[in-house]
1. Which value, in debye to the nearest 20, gives the size of the charge dipole of segment A:346-552 about its Cα centre, when Lys and Arg are +1 and Asp and Glu are -1 at the Cβ?
2. Over segment B:182-314, what percent of the accessible surface lies on carbon and sulfur atoms, probe 1.4 Å?
3. What translational D, rounded to a whole number of µm²/s, comes out for chain A from Stokes-Einstein when the hydrodynamic radius is the Kirkwood one over Cα pairs, at 10 °C and 1.306 mPa s?
4. Could you give the length gained on full extension between residue A:693 and residue A:549, defined as 0.36 nm per residue of separation minus the Cα-Cα distance, in nm?
5. In peptide B:75-81, what is the residue-averaged number of other protein chain Cβ atoms found within 10 Å of each Cβ?
6. Suppose every K and R has +1 on its Cβ and every D and E has -1 on its Cβ; what is the size of the dipole of segment A:220-339 about the Cα centre, in Debye to the nearest 20?
7. What is the average number of partner chain Cβ atoms found within 10 Å of a Cβ in A:293-306?
8. For a Förster distance of 51 Å, can you work out the FRET efficiency between the beta-carbons of residue A:94 and residue A:45, rounded to the nearest 0.05?
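The values are calculated or read from the model by the stated rules, or taken from the named source; none is laboratory data. Just so you know, these numbers come straight off a predicted model, no measurement behind them. In this analysis, Cβ positions are derived from the backbone assuming ideal geometry, glycine residues included, and neighbour counts consider all displayed protein chains. Quick note on the areas: whole protein, heavy atoms, side chains included, nothing else; ligands and nucleic acids left out. Shrake-Rupley method; radii C 1.70, N 1.55, O 1.52, S 1.80 Å.
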Amino acid sequence: MKQTAEFLLEVGCEEIPAQMIARASSELKVILEKHFSAERILDSAEVHTYGASRRMVAVCRALRTRQPDSVEEVTGPPRSVAYDNVGRPTKAAESFAARQGVPVAKLYTVTTPRGEYVAARRTTPGKLTREILPTLLPAALFSIPWPRTMYWRRPAERFVRPVRWILALFDGSVVPFEFAGVRAANWTAGHRALGRERIVVRSFADYISQLRRNYVLVDPDERRKKILRELRQHASRAHLRVHEDPELLEQVVYLNEFPTVIRGEFSPEYLRLPREILITVMRDHQKYFALERSSGELAPHFLAVINLDRDAGGIVRAGHERVLRARFSDASFFWDVDQKTPLGNNLAKLTAVTYESRLGSYADKTARLRALARTMAEHLAAAGVQEASVASADRAAELAKCDLVTEMVREFPELQGIVGGLYAARQGEPAEIAWAIYDHYRPSGLEDWIPRNLTGCILSLADKLDTLVGCFAIGLVPTGSSDPFALRRAALGIVKVILEKNLPLTLGSLVTAASCALQSQPPNLMVSETIQQQVLEFLLERARFVFRERYGFPYDEVNSVLAAGADDLPDALRRLEALHSIRRTKNFEPLAASFKRIRNIVEKAGPDEHWRLPDVRTDLLALEAEQALHRAAQRVAQQAESHRLAGRYREALLLIAELRPLVDRFFDEVLVMAEQEDLRRNRLTLLAKLLREFSRIADFSEIAAAQK
Amino acid sequence: MRKGQNKRSRNARPLFQELILDLLNYWHRCGCVLQQPYDLEVGAGTMHPETFFRVLGPQPYRVAYIQPSRRPADGRYAENPNRLYKHTQLQVILKPSPDNIQSIYLESLRAIGVNLRRHDIRFEEDNWESPTLGAWGVGWQVLLDGLEITQFTYFQQCGGIDLDPVSVELTYGMERIAAFLQGIDNVFDLKWSTDQTYGAIRTSEEQQFSAYSFEHADPALTRQMFELCEAEARRLLDGWVAAPEPARQRYPLLAAYDFCLKCSHLFNTLDARGVISVTERASLIGRVRTLACRVASSYLEQQAAAVPITLGSR
């Protein structure tokens, strides 16, 4: 019998939602490998998975044909019982050997803590893979985590979409099993319109080549390459370039089993609409790629990816052009209707649009945004930020939500903010204000950019702070995976804007300002100290995340710096950079270890009112080692503090690190918990002082020990 | 059947009424009951009792019908080439869902002259939900060369009740399909019959009902009608609970459902009139849904008493 053989599985479905396929495909690989390993049939070859709109595919070139035999040692009766005094096996030995299925002669002796026993090596023959797969596969398929499943026959049979066929081959023959009401067989189905309905398959190579002949490209990489190649060809033939869109590309890779790109046109009169609107219509609603001239302007063309081998006679193209024409004519209609009303006139309508029932309407939210934006701009101006303009911040906040009642945003909600910005610019608002409105929903995630100007940053902060503090105040706190108001994203945005714009705004002052706005404006909510504290902790959690994931700092450095103060994030970032830069210098980590020791000693000593002296008493410093440390610490403390106040964190940290030999010597030679009470209290006071004075940039005791 | 198809494919530009006939004829051949449109204002074919009630419970059923559907907020005074106050849906319910349902559906497109080999047909995820009916399902919108022509749904819940067996619901947007097949951009230019256009037949209806929904509907009165219809539905539903045995089979739960439909349409009118705030919106939808869900569960009780359900029959 062969040692290994090829395994091939295809689950044929009605169209699987495109955006779910890639993830499910990689999950399927992990799931199968886990199951195969658990059954010990996975050899050196890995499982490869592929997905297309009507199929999930897994292949393993070399799966063991059977489990290896398992050998286990079974201990039997004591040796003294198993053999008589001339060394002949007794009944006990014989029946033990029989039970284990080995000849008596194969028994041997093992020494255990309880004495000598006889033992046998029992071999369990491995099961055939062919026998394992029929139960393994349904369980594996059932455990694919889909965002949403459905049933179509029986409520217990759930999958992402109805399963219509299953191809399952091992070593060229069918693996008999049933999943979701379908029996596995040896055939697959080609492209719905272009291929044959039933194609008998012998192997993976045969499967791939037959499906290709039947217009299915199983491998998403192959589909992606075909699409990209054809996009470029069409663009260059028209002397244009493709408006790159990686997300859209991924969608069309999984929407089509045999993707082909066609080019269509639209009337240039629609180019009077802003490109944002044209691209949104093409991309989000029709899944078309836009084409641009070398100047960056849009051209009146689009590229559509269709699920056919070609478009004979341009029939498909004509259809797509007609649909786009209707969409663009709607968009022009909305644009023209909206232009009849100045954006600011929509404010009155916002009273009828509820933001959240307990937080009032969007008119209420606008009033809070204005108050909050003004406070922030005043703060910034006072802190010497030249471009901060209270009037601009106020006006941008006033108009920020006015696009919510426009026809355009009602039709294309994903354009909120952008439409407001475009309308504001067109209606003569200054660029600073128009861009602020345009950008204020940003950043939408860790990788997204922040608003391009200061007013936009202020507005973005105001919007997110109001959401965050407002929701916490009415008890809408995210739990586990549930975060319906996207508060984590709001908090992340706040952290990113402050850091990347380097704003001198402390988290505490921002949360206070947002709380004041909620109190002074409708719904006139009192936000308690406790809740404000919760919001701050929530923000800090996101700050830690950003420092780790966005800036790549190790968690212990982040904790160390934030423990020494977290209110001013740009400052925390500078301290982090300084700490990180000296982390690998020779004195630092040993010093950090000593600080951890100091903290333990001080904490163990109990409440400090029992031992702390008003200051270190030099007359009680009995040993040379403690006198030296005290002198050096006083000197370093003074110099380090002046560096710190001047923002020279690295210099300060380097100086502090120089204390290391003295701290080491202190611990070598001095017994802190001395018998004599005044000596002991004086030493504790010295240590507590070190801890206090040298933890202003970073709390070294948070640094994890070196991994060596 | 083969013959009929050939004839149709020669006529690649069917009249609006031919399209309706062809599709109904196709579904007739597939064993559907051909029903008539419901004689109340509804927003979608799903609201027709032939869908709402038939998908509940265990009895197999196949039905197809045309349902003119009113969407007050979508009216555009006949001035927009694609938007209508009232559009025409062709609705099909297949219960239980056949295994080859996608092929059956695609065959219906062939029956109206679509060459599947030459058009880009695609099933894109679109999960349908009707919050006022407590109904939802999982499925796709079917796109024909980028144009949405059908909503294809595996019904999972109706009136708040988990469905078993599952029905497939196919909803064809007839004006769009006709415009596509006739190759025109403006719905009002559609040829309805040999000598009448869609515009000639329907323009004034679109104008007047758009005007009514956006300008003339009296908000206070409409609200009052909503309250009255809701009260009547509720009264009937409360009565069901206490209805004595001999009268239970003819107890008018179907009438309660009619009042629930009226509420739904009145709500749509208020919405188009722009007098509903977002919060009130949610609460009004919730009130209609409550009625729909009560109707559904009461109807099942009534059916269970009438037709003994054989357990394990599937």
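1. For this selection, approximately 140 debye.
2. Result for segment B:182-314: 56 percent of the exposed heavy-atom area is carbon or sulfur.
3. 49
4. 48.8 nm
5. The shielding value for this peptide is 2.
6. 460
7. Counting other chains' Cβ atoms within 10 Å and averaging over A:293-306 gives 1.
8. 0.65
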